[in-house]
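The values are calculated or read from the model by the stated rules, or taken from the named source; none is laboratory data. The structure displayed is predicted, hence computed values, not measured ones. Neighbour counts are summed over all protein chains in view; Cβ atoms, including those assigned to glycine, are modelled from backbone coordinates with ideal geometry.
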Amino acid sequence: MRLLERALLTIALAAAFPVHADTDISGVTVNQRWPWSEKVDVDFILTGDASDVEITARWDGRTEPYPLASIPSCLPGANRYTWDPSSSEFAGRVLTGFCISVVPAPPDPQRYLVVDLVNGGIDYLAGVPEGGWAADHKSTKMVFRRIPKGTYALGISREELGYIGTGGDPSSYSDRWGKRNVTFTNDFYVAIFKYTEAQHACLTAGGGSSSCIPQKTTYYELRGAPGDVNWPNTGYGVAADSIVGKLRAKAGGLVVDLCEEEQWEVAARAGSTGFFPNGGTMADSHAVLSNLVSEAGAWFPDAGASIPAVGGYAPNAWGLYDVVGSGEEWVLDSVSSTVANGSLPAGNLSDSTNPTGVQNSNGWSAYRIIKGSSGNWASARLYNMVLAARWTRHPHYDSYATRFCIHLSPLGDLTFPSAR
């Protein structure tokens with residue numbers, strides 16, 4: 001295979017690999033795009049249960065398998081992975097005898113991390129417990145899903161915003177919600193549920209609540225006194241008596257914090273490049289898009305409707321719930337202004353690696369970013385529900401939901417403990 005511009009289309013290995021008794025990978029085909037592209041499309045069919053998949057390549061000059069991708073929670077049906085050699089160490093090289101292998105990935109024994117909010121300590125789970133997540137996973141425990149390192153597509157285009165309806169000039173939104181790629185060089189964990197009232201009671205009052213409705217707090221209730229915890233200027237330090245500080249103590253000192261905003265969107269998308277975690281493109285009618293939102297989360301056209309308990313809607317492909325609807329969520333990032341700037345935070349929407357937010361000198365008065373979408377507006381609009389949406393709110397006066405993240409190096413410098 002010539003991995004050069006204007007290279008000839010090439011077909012490689014096509015075979016079936018057993019995953020387990022009820023799951024198979026078949027119909028593996030490999031085609032290099034033609035013309036004007038080095039990109040290689042790997043198509044395969046997964047039947048049975050959703051499974052992690054690993055894709056490797058061999059060629060005449062390399063006898064050991066070269067890892068191209070690890071796809072977590074690959075869904076049944078036709079799948080495609082596109083490898084771009086121009087972004088790799090093999091850019092512009094001729095690779096002969098090229099073939100692809102698509103196989104099931106070994107089970108990840110640390111896919112889920114569970115923090116005990118009562119007694120402290122952590123446990124790991126390889127999968128969802130039989131019967132699903134129980135009430136204690138939303139009250140006296142907190143469950144995190146491992147998010148794999150890699151490069152991800154985020155944002156939304158001006159044309160897509162124009163189609164879905166911005167209620168204004170889509171060009172002003174595209175500058176602030178724009179498409180870009182983000183790369184994380186380490187895995188991280190993100191909570192599968194929004195922070196609940198029952199979990200809040202465990203951390204602040206020793207328990208007593210059974211409500212699994214999302215807890216709303218201010219940014220500084222979550223992290224500590226203004227000025228001392230001005231992330232990213234002051235790093236990941238938080239006040240010991242803050243909610244995050246107490247959660248870190250229960251998690252054995254792990255760097256638990258809010259999500260960095262790109263981490264939030266990567267986890268919420270779970271590989272989706274559509275408007276919502278379950279898809280949605282300009283090829284869909286607005287009625288179809290509305291149905292997609294209704295499947296993924298709570299949104300209410302009527303003012304005053306109640307926010308439901310977490311976990312009542314279909315999760316995304318990585319098992320996260322309510323990333324659409326049921327209220328916006330605080331993330332770490334700030335904007336460099338002390339003015340709310342309407343609903344459109346500007347700043348640093350470009351390709352990035354291990355992003356750490358906007359440095360600013362405004363201290364406690366710098367507006368912070370919220371991600372996600374509300375489920376309690378008088379007139380809910382589709383564009384407000386897209387995963388790319390981002391807004392600004394005051395960190396001291398405004399209260400919103402959140403979901404926590406466990407930061408692994410290089411975003412946080414820590415030693416990752418084993419299960420207790």
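Among residues belonging to segment 281-293 that are under 22 Å from the mean Cα position of the chain (by Cα) and more than 16 Å from Lys179 (Cα to Cα), point out the one that is surrounded by the most Cβ atoms within 10 Å (Cβ to Cβ).
Val293
Got at least one residue in segment 85-105 being part of a strand (DSSP E or B) and surrounded by fewer than 13 Cβ atoms within 10 Å (Cβ to Cβ)?
Looking only at segment 85-105, we keep the residues that are part of a strand (DSSP E or B), and these are 94, 99-104.
Of the ones still in play, those that are also surrounded by fewer than 13 Cβ atoms within 10 Å (Cβ to Cβ) are none.
Taking every residue of segment 85-105 in turn, none turns out to be part of a strand (DSSP E or B) and surrounded by fewer than 13 Cβ atoms within 10 Å (Cβ to Cβ).
Please state which one of Pro72, Pro35 is in a loop (DSSP other than H, G, I, E, B) and either modelled with pLDDT under 85 or touching a Gly at 6+ places or on another chain (Cβ under 8 Å) (or both). I'd like the intermediate steps shown before the answer.
Numbers: Pro72 fails: in a loop (DSSP other than H, G, I, E, B).
Pro35 is the lone residue from the list that is in a loop (DSSP other than H, G, I, E, B) and either modelled with pLDDT under 85 or touching a Gly at 6+ places or on another chain (Cβ under 8 Å) (or both).
For segment 206-241, which positions are crowded, with 17+ Cβ neighbours inside 10 Å and closer than 14 Å to Val255 by Cβ?
The answer is Arg223, Val229, Trp231, Pro232, Tyr236, Val238.
Specify which of the listed residues (Gly131, Gly168, Gly155, Gly121) is of a type outside the set (S, T, N, Q) and at pLDDT 95 or above. Working first, answer last.
Working: Gly131 fails: at pLDDT 95 or above; Gly168 fails: at pLDDT 95 or above; Gly155 fails: at pLDDT 95 or above.
Result: Gly121 is the single residue among Gly131, Gly168, Gly155, Gly121 that is of a type outside the set (S, T, N, Q) and at pLDDT 95 or above.
Would you check if there is a residue in segment 380-390 being assigned to a loop (DSSP other than H, G, I, E, B), more than 17 Å from Val115 (Cα to Cα) and at pLDDT below 75? Don't jump to the end; show me each part of the working.
Within segment 380-390, the subset assigned to a loop (DSSP other than H, G, I, E, B) is 380-381, 386-389.
Narrowing the set further to residues that are more than 17 Å from Val115 (Cα to Cα) leaves 380-381, 386-389.
Adding the requirement that they be at pLDDT below 75 leaves 380.
Within segment 380-390, one or more residues are assigned to a loop (DSSP other than H, G, I, E, B), more than 17 Å from Val115 (Cα to Cα) and at pLDDT below 75.
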